[in-house]
Amino acid sequence: MTGSSYPPVSAPRHVGIIMDGNGRWAERQGKPRLIGHRVGAAAVRRTTEAAAKLGISQLTLFAFSSENWRRPEEEVDFLMRLFRRFLRSERDRLRRDGVRLLAVGRLAELPAFVVRELEHTIEATGNGERITLCLAVNYGGRQEIVDACRSLAARAASGRIDPEAIDADAVEASMYQPDMPPLDLVIRTGGEMRLSNFLVWQSAYAEFWSTATCWPAFGEELLGRAVAEFRRRERRFGALTPSTGEPQPIVDCGLRISDWRVEPCCPHQSSRDAHKPFGDVIVQGGD
Ligand code: FPP
């Protein structure tokens with residue numbers, strides 16, 4: 001993209017969500033952490049529907065990272081069984097609702113019963129045109145780039161590609177889903193401000209939005225707020241501002257410390273708990 005010709009900001013095409021805070025949400029209700037994951041599955045359904053209504057064409061959810069194997073065995077087993085149950089119970093609904101399911105990650109390393117359900121659901125929903133729901137499972141952004149490099153190196157070694165011809169398009173074509181559009185917006189729930197190895201390549205120019213609300217309490221309203229905030233952002237993709245041809249000056253936006261407020265991790269968390277150290281973030285008033 002050159003000069004001042006970057007497109008006006010419209011609805012994001014591809015939104016990724018780092019679904020965080022399941023355990024904290026459950027603990028704050030006095031329930032075992034695993035209940036947070038179970039309630040989190042309902043938020044997946046809700047948020048997919050909300051995303052489709054907002055005209056988002058792809059939603060990618062970070063369901064299980066390459067690093068999540070380090071969690072207690074009981075939790076990993078629970079999550080794997082939850083994925084199976086979700087895929088089985090949602091398959092027909094996804095198909096009826098025009099949702100196409102995809103998955104990215106080192107899928108072959110997942111338990112066979114998860115791979116089987118993923119494959120069935122991907123096949124059954126292949127004609128969905130309303131929205132693509134992509135689950136990142138056993139996924140790591142750095143691992144994806146490593147895998148792409150390995151595949152390009154193997155092709156170069158066997159003479160199928162000239163090393164000089166390897167460019168960004170060639171790397172992209174070697175990713176888990178070569179047709180995946182670049183991420184426009186990354187949302188993280190649970191209050192942290194990290195990318196945590198999520199779609200590292202695809203998020204190069206993504207806007208980032210974080211909410212203190214934990215994933216099980218996420219849904220249409222917060223997704224709408226994130227999209228509204230996204231539409232107010234100016235995306236320059238490394239170019240200059242269109243009006244002056246100059247980089248934007250740093251301006252005093254008039255915000256004062258008193259304009260900021262502390263948002264609790266979960267909407268129903270009592271104000272008495274709002275000072276607790278985990279998950280509480282300071283957000284701009286009226287955000
Ligand atoms: C992070 O919360 C969440 C996960 C590691 C798992 C994400 C899984 C779900 C939302 C379950 C449903 C998903 C599908 C696709 C059916 P955490 O446990 O790290 O929360 P904490 O930071 O409060 O401990």
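The values are calculated or read from the model by the stated rules, or taken from the named source; none is laboratory data. Predicted, not measured: the structure shown is a model, and the values here were computed from it. Counting neighbours? That spans all protein chains shown, and the Cβs are built from the backbone with ideal geometry, glycine included. Each accessible area value is taken on the protein alone, full model and side chains, heavy atoms only, with ligands, DNA and RNA left out. Shrake-Rupley method; radii C 1.70, N 1.55, O 1.52, S 1.80 Å.
For region 1-126, the relative contact order comes to 22 percent (Cα pairs under 8 Å, sequence separation of at least 6). Amide H to amide H distances under 5 Å link LEU102 with LEU133, CYS134, LEU135, where only residues 5 or more positions off or on other chains count and H is placed in the peptide plane.
With R₀ fixed at 25 Å, the C-beta to C-beta distance from GLU221 to ARG96 puts the FRET efficiency at about 0.55. The apolar share of the surface of region 52-164, taken as the fraction of accessible area on carbon and sulfur atoms (1.4 Å probe, ligands and nucleic acids excluded), comes to 47 percent. Subtracting the Cα-Cα distance of ALA112 and GLU234 from their residue separation scaled by 0.36 nm leaves 39.5 nm. Across region 179-186, coupling constants 3J(HN,Hα) worked out from phi with the 6.51/-1.76/1.60 Karplus curve, θ = phi - 60°, read 8, 4, x, x, 6, 8, 9, 10 Hz, and Gly and Pro carry x.
Ordering of 142-155, 97-110 by packing is 97-110, 142-155, highest average first (other Cβ atoms within 10 Å, averaged per residue).
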